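K.L.:
Take this structure, written in structure tokens, and hold onto it; I'll ask about it next.
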Amino acid sequence: MANEKLIVDPASTPSLAIYKLLIGSVVPRPIAFVSTVSTDGVYNLAPFSFFNVICAEPPTVCFSTGFRVPSKDTLANVQATAEFVVNIVSEEIAEQMNLCSGEYPHGVSEFEISGLTPVPSDLVKPPYVGESHINMECKLVQMVEVSTLPRGGTLVIGEVVRFHIDEAIVDNFRVDPDKLRAIGRMGGNWYSRTRDRFEMIRP
């Protein structure tokens, strides 16, 4: 017999409660550690857990930024330059990634705060994170402003124009999850590791 269900109507429920339900239900969420650069040449680095892949031909990814006035540096930089880099977060840089999630004054570079290394990209102006095992240089495809309500957001879609992959973690284009050791975002302040896995063959 099925458990009794709590019925929630988003239209009549405070948005903070709906946010908690979403981030506690859609788990674990991969983390896009996004590096951008301003028109003044200031590097920015910020994590986003509303992130996923869209398709493989062309290789396309997306992430979402929360609505802010003024816009978060990441969104403003992508709007201005139409470029960004997605860096995958592994266990060994989790603490540095968390440092970059803080609120800092405009113009402050999270690369300096975290001590992570900005490495020049091949095809886009923003640098990639040297300590990340996988980096994806992206050109902006489209921005979709979904909502300007207090917990609204903008979807950023980018085409991957260059991959940088640590040769130690990949074999014949297959990434070894035991070597990547990616982490995921849960609800609240919780994160998950990707060590405990099981396999099922498709029918």
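K.L.:
Identify all residues within the range 121-179 that are charged (D, E, K, R), within 28 Å of residue 92 (Cα to Cα), touching a residue at least 12 places away in the same chain (Cβ under 8 Å) and assigned to a loop (DSSP other than H, G, I, E, B); write none if there are none. Step through it out loud before you land on a result.
P.N.:
Narrowing the range 121-179 to residues charged (D, E, K, R): 122, 125, 131, 137, 139, 145, 151, 159, 162, 166-167, 171, 174, 176, 178-179.
With within 28 Å of residue 92 (Cα to Cα) added as a condition, the list becomes 122, 125, 131, 137, 139, 159, 162, 166-167, 171, 174, 176, 178-179.
Among the residues that remain, those that are also touching a residue at least 12 places away in the same chain (Cβ under 8 Å) are: 122, 125, 131, 137, 139, 159, 162, 166, 178-179.
Listed by number, the residues that qualify are 122, 125, 131, 166.
K.L.:
Inspect all residues belonging to the range 104-111 and state whether any of them is in contact with a Cys (Cβ under 9 Å, 6 or more places away or on another chain) and in contact (Cβ under 8 Å) with a residue 24 or more places away in the chain. It would help to see each step written out before you state the result.
P.N.:
Filtering the range 104-111 down to residues in contact with a Cys (Cβ under 9 Å, 6 or more places away or on another chain) leaves 110-111.
Those left that are additionally in contact (Cβ under 8 Å) with a residue 24 or more places away in the chain: 110-111.
Yes: one or more hits.
K.L.:
Mind checking whether some residue in the range 49-60 is out of contact with any Pro (no Cβ under 9 Å at 6 or more places or on another chain), part of a loop (DSSP other than H, G, I, E, B) and surrounded by fewer than 16 Cβ atoms within 10 Å (Cβ to Cβ)?
P.N.:
Residues of the range 49-60 out of contact with any Pro (no Cβ under 9 Å at 6 or more places or on another chain): 50, 54-60.
This time we only want the ones that are part of a loop (DSSP other than H, G, I, E, B), so: 50, 57-58.
Still in the list and also surrounded by fewer than 16 Cβ atoms within 10 Å (Cβ to Cβ): 57-58.
Yes, some residue in the range 49-60 is out of contact with any Pro (no Cβ under 9 Å at 6 or more places or on another chain), part of a loop (DSSP other than H, G, I, E, B) and surrounded by fewer than 16 Cβ atoms within 10 Å (Cβ to Cβ).
K.L.:
Moving to a separate point now. Only one of 18, 54 is in contact with a Ser or Thr (Cβ under 8 Å, 6 or more places away or on another chain) and closer than 30 Å to residue 193 by Cβ. Can you tell me which?
P.N.:
54 is the lone residue from the list that is in contact with a Ser or Thr (Cβ under 8 Å, 6 or more places away or on another chain) and closer than 30 Å to residue 193 by Cβ.
K.L.:
Okay, next question. State yes or no: is residue 171 farther than 26 Å from residue 109 by Cβ, acidic (Asp, Glu) and either within 16 Å of the chain's Cα centre (by Cα) or at pLDDT below 95 (or both)? Outline the logic, then answer.
P.N.:
Numbers: farther than 26 Å from residue 109 by Cβ: yes; acidic (Asp, Glu): yes; either within 16 Å of the chain's Cα centre (by Cα) or at pLDDT below 95 (or both): no.
Considered against the rule, which asks whether it is farther than 26 Å from residue 109 by Cβ, acidic (Asp, Glu) and either within 16 Å of the chain's Cα centre (by Cα) or at pLDDT below 95 (or both), residue 171 comes out as no.
The values are calculated or read from the model by the stated rules, or taken from the named source; none is laboratory data. Keep in mind the model is a prediction, meaning the values are calculated, not measured. A quick note on method: Cβ atoms are made from the backbone with ideal geometry, for glycine too, and the neighbour counts reach across all protein chains shown.
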